[in-house]
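Below is one structure; the comments refer to it alone.
The values are calculated or read from the model by the stated rules, or taken from the named source; none is laboratory data. Keep in mind that this is a model prediction, so the values were computed, not measured. When we count neighbours, we look across all protein chains shown, and the Cβ atoms used for this are built from the backbone with ideal geometry, even at glycine. Heads up: the accessible areas ignore ligands, DNA and RNA and are worked out on the full protein's heavy atoms, side chains in. Shrake-Rupley method; radii C 1.70, N 1.55, O 1.52, S 1.80 Å.
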Amino acid sequence: MVDFTMQFPAGFLWGTATAAHQVEGGNTNNNWHAWEQAGRVYQRQTHGLACDWWNGRYEEDFDRAEALRNNAHRFSIEWSRIEPEEDRFDDRAIAHYADMIAALRARGLEPMVTLHHFTDPLWLSEQGGWLNPETPARFARFVRVVVEALGGDVRLWCTINEPMVYASQGYLLGRFPPGKRSVRAMFRVAEQLLRGHAAAYHAIKAVAPEAEVGFAKHQLSLRTPWPHALHAGALRLVRNTFNRAFVLALTTGELRLPMRRVEVPQARDTLDWIGLNYYYRFQVSFHPFYPHQVFLRQTPPRDGIRGPGDTGEIWPEGLLEQIKWLYKTTGKPLYVTENGVPDPDDAIRPLHMVRSLRSVWKAVMHSYPVRGYFYWTLVDNFEWAEGYDPRFRFGLYACDPVTQERTARPSATLYRDICAANALDSETIRRAIPAHEFDALFPGVEVQPRVTLLPREESQL
Ligand code: BGC
């Protein structure tokens, strides 16, 4: 039996990620609240108390993050709290977030602050949301206020969470507000989010030149059901549009979408780092019966582990390929800003965590500059269109949104051991996953007992 340690670099950030609307509770002034009131969430649920962070329960959850031996936490600031009416800024809300940042720092947790995570103030959505040409500038104004107030204590800023998810879920698939189904609107929103990111980047740098600014990109692993030119074409369309166009625009200053090219020169070079949010693999095929979806069908592959509902295949190894592409394209350091699995019983989470972190470690080993990993998520929370559907529990801690009772899942211990050691070692892994899974993952001979960083040219990956 070979014992080994997959060591991560000194200073690697280990954390969890959350988003304001999913954990704060009582957000009644944003577009998601309106969407929930209209009965558009699973079983017509509303977010209610969520994890009760707005009432101060973040303190006890940050204690949990500290107990997990984390040294970072990614959270988001709710625009509708800071700017409840257009151009009126709420000092109490700003003070609340300053307290949160101080609470993180007091526990040795580096804050990574997201400025837009799916929600918009009601006043903004009433004016057309991100379809309104003024919105990028309004976003930058809000960002400036936030960075002026909090910039002294925050180094890592994440402008926008998953622009292509926001655009596609809200404007093509109709699952997020405003529930539109229009390819044109989706593309227009993607373009506006790109402008918003660029404006926010410049606003942050103007106030805090030392700040490190990036955004979080959701990437999908994709495959075709079998080799066929039509399926390959369908896959390319999804890959270029969903995975690649936005990222490429940040290096070229031009957003290239199918039948639409727009120059956004101010977006060029607006990245200090790039965040990868990674969850699923999908099978993409051309389908003549799907004209309303531009003849595309996206389904979970038949083999492999499937997530609940419409989610894809759980395939953690895809992380590596995404890290490689993002680095090759941007040349920037990376953070895994989200990675996790819906798993109420913790049946596959430990194995998923080990497989995911093995992929991240492989990237690190081959000198890809991955600087940190944020697990999604710390405590179960409000899962957007899925609400509190019991199948969609992503937390290291279970959380009952009514009683507010938290219970650690076994993978919390696994994550703690990994973070404490800054490494994935064979003993920890053996404790967390069944022996046959261990043997299948690590057939001994392939794993070197001592770690050496290989220069990138020698990469065999
Ligand atoms: C989002 C999170 C969400 C998670 C799990 C990500 O795409 O950024 O807000 O909870 O996926 O579905």
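Data for the structure
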{"quantity": "Test set (1) open to solvent by 40 Å² or more (accessible area, probe 1.4 Å); (2) closer than 11 Å to Thr119 by Cβ; (3) within 21 Å of the chain's Cα centre (by Cα) - Arg64 fails condition number", "calculated": "(2)"}
{"quantity": "Out of Arg155, Arg88, Arg144, sole residue that is open to solvent by 60 Å² or more (accessible area, probe 1.4 Å) and within 19 Å of the chain's Cα centre (by Cα)", "calculated": "Arg155"}
{"quantity": "Pair list, Cβ < 6 Å and 6+ apart or interchain, from the range 207-232 residues that are more than 18 Å from Thr330 (Cβ to Cβ) to residues that are part of a loop (DSSP other than H, G, I, E, B) and open to solvent by 50 Å² or more (accessible area, probe 1.4 Å)", "calculated": "Ser221/Trp315"}
{"quantity": "Residue match in the range 118-131 (condition: within 22 Å of the chain's Cα centre (by Cα) and assigned to a helix (DSSP H, G or I))", "calculated": "yes"}
{"quantity": "Filter result for the condition that a residue is touching a Ser or Thr at 6+ places or on another chain (Cβ under 9 Å), away from the ligand (no atom under 16 Å from the Cβ), within 26 Å of Asn277 (Cα to Cα) and among the hydroxyl-bearing types (Ser, Thr, Tyr), over Thr28, Thr16, Thr46, Thr5", "calculated": "Thr5"}
{"quantity": "Conditions (1) under 22 Å from Ala385 (Cβ atoms); (2) surrounded by fewer than 22 Cβ atoms within 10 Å (Cβ to Cβ); number of the one not met by Ile314", "calculated": "(2)"}
{"quantity": "Leu150 being more than 16 Å from the ligand (Cβ to nearest atom) and touching a strand residue (DSSP E or B) at 6+ places or on another chain (Cβ under 6 Å)", "calculated": "no"}
{"quantity": "Residue match in the range 119-132 (condition: closer than 26 Å to Gly372 by Cβ and either out of contact with any Asp or Glu (no Cβ under 6 Å at 6 or more places or on another chain) or open to solvent by less than 10 Å² (accessible area, probe 1.4 Å) (or both))", "calculated": "yes"}
{"quantity": "When residues of the range 384-406 are limited to those that are more than 15 Å from the ligand (Cβ to nearest atom) and hydrophobic (A, V, I, L, M, F, W, C), the one modelled with the lowest pLDDT", "calculated": "Val402"}
{"quantity": "Strands (runs of 3 or more DSSP E) enclosed by the range 308-411 - at least 3 residues per element that are over 26 Å from Thr159 (Cβ atoms)", "calculated": "397-399, 406-408"}
{"quantity": "Any hit, the range 99-118, residues being touching a residue at least 24 places away in the same chain (Cβ under 8 Å), among the small types (Gly, Ala, Ser) and surrounded by fewer than 14 Cβ atoms within 10 Å (Cβ to Cβ)", "calculated": "yes"}
{"quantity": "Selection count where residues are small (Gly, Ala, Ser) and within 16 Å of the ligand (Cβ to nearest atom), scope the range 94-118", "calculated": "0"}
{"quantity": "One residue from Tyr290, Tyr335, Tyr278, Tyr327 being within 19 Å of Phe246 (Cβ to Cβ), away from the ligand (no atom under 16 Å from the Cβ) and either modelled with pLDDT of 95 or more or surrounded by fewer than 17 Cβ atoms within 10 Å (Cβ to Cβ) (or both)", "calculated": "Tyr327"}
{"quantity": "Elements of type helices (runs of 4 or more DSSP H) contained in the range 172-263, each with 2 or more residues being open to solvent by 20 Å² or more (accessible area, probe 1.4 Å), of a type outside the set (S, T, N, Q) and farther than 30 Å from Glu126 by Cα", "calculated": "229-238"}
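Residues checked against (1) among the aliphatic types (A, V, I, L, M); (2) within 30 Å of Ala10 (Cβ to Cβ):
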residue	(1), (2)
Trp32	no, no
Gln37	no, no
Tyr42	no, no
Gly56	no, no
Phe62	no, yes
Glu78	no, no
Glu83	no, no
Tyr97	no, yes
Met100	yes, yes
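Results for (1) within 21 Å of Met112 (Cα to Cα); (2) in a loop (DSSP other than H, G, I, E, B), shown as yes or no for each residue.
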position: Ala10; (1), (2): yes, yes
position: Thr16; (1), (2): yes, no
position: Gln22; (1), (2): yes, no
position: Asn27; (1), (2): no, yes
position: Ala34; (1), (2): no, no
position: Gln43; (1), (2): no, no
position: Gly48; (1), (2): no, yes
